[in-house]
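What follows is a set of notes on a single structure, which appears directly below.
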Amino acid sequence: MRHRAFRQQIVIKLSQVMKMKEETTARIRNFSKERDWDPFHTPANLAKSISIEANELLECFQWSDTDYDLTHVGEELADVMVYCQNMLDALGLDADAIINAKMDQNEAKYPVEKCRGSNAKYDQL
């Protein structure tokens, strides 16, 4: 139990460090608002945009898993993250809440004792 509590404290501190700054979130929101783009930010349009940008991110690795331009990867990853923030806003979702709910599902599907070191799908464990 003591180890688990310590691990939770570390995870909480890491999540605080890794969390997008409020200024960044505000900047994303302000960018769309100033351009009056919010009416175009429907869930369907944002889902399409996330997919398109994710494919542009994937394109960075099209011919090599190791030879890629980190700056370009960062730009494409930023595009994905901006559209994800727009989607959160459009749907009124909380990133922490939905990620933690999904992590609960993943932890149940992929128990450590069954899947450590394996890339098998949960129904193949």
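With Rg/Rh (Cα atoms, Kirkwood Rh) defined as stated, name the option among (1) 1.81; (2) 1.07; (3) 1.03 computed from the structure displayed.
Checking each listed value against the structure points to (3).
Starting from the Cα-Cα distance between A101 and R35, subtract it from 0.36 nm times their residue separation and give me the gain in nm to one decimal.
The A101-R35 span can extend by a further 20.4 nm.
Under a cut-off of 21 Å between alpha-carbon atoms, report the lysines in cross-link reach of K109, not counting same-chain residues fewer than 8 places apart.
Partners found: K121.
Whats the longest run of the chain with zero chymotrypsin sites (Phe, Trp or Tyr not before Pro) that are DSSP loop and have at most 15 other Cβ atoms within 10 Å?
Values: sites that count: W37, F61, W63, Y68.
In short, 69-125.
Quick check for you: with a 1.4 Å probe and neighbouring chains kept, what is the accessible area per residue of the chain, in Å²?
84
So what is the calculated 222 nm ellipticity per residue for the chain, using -39500 (n - 2.57) for each DSSP H run with n of 4 or more, over all residues, to the nearest 500 deg cm²/dmol? Display every interim value, and only then the final one.
On the way: 6 runs with 88 residues, N = 125.
After summing the helix terms and dividing by residue count, I get -23000 deg cm²/dmol.
What dipole magnitude, in Debye to the nearest 20, does the chain give about its Cα centre under +1 on Lys/Arg Cβ and -1 on Asp/Glu Cβ?
Dipole of the chain, to the nearest 20 debye: 880 debye.
Taking all protein chains as present, what is the carbon and sulfur share of the accessible area of the chain, in % to the nearest whole number, probe 1.4 Å?
About 55 percent, which is the carbon plus sulfur part of the accessible surface.
The values are calculated or read from the model by the stated rules, or taken from the named source; none is laboratory data. Everything numeric in this text was worked out from a predicted model, so none of it was measured. Glycine also receives a Cβ, built like all others from the backbone with ideal geometry; neighbour counts cover every protein chain displayed. The accessibility values were calculated without ligands, DNA or RNA, using every heavy atom of the protein model including side chains. Shrake-Rupley method; radii C 1.70, N 1.55, O 1.52, S 1.80 Å.
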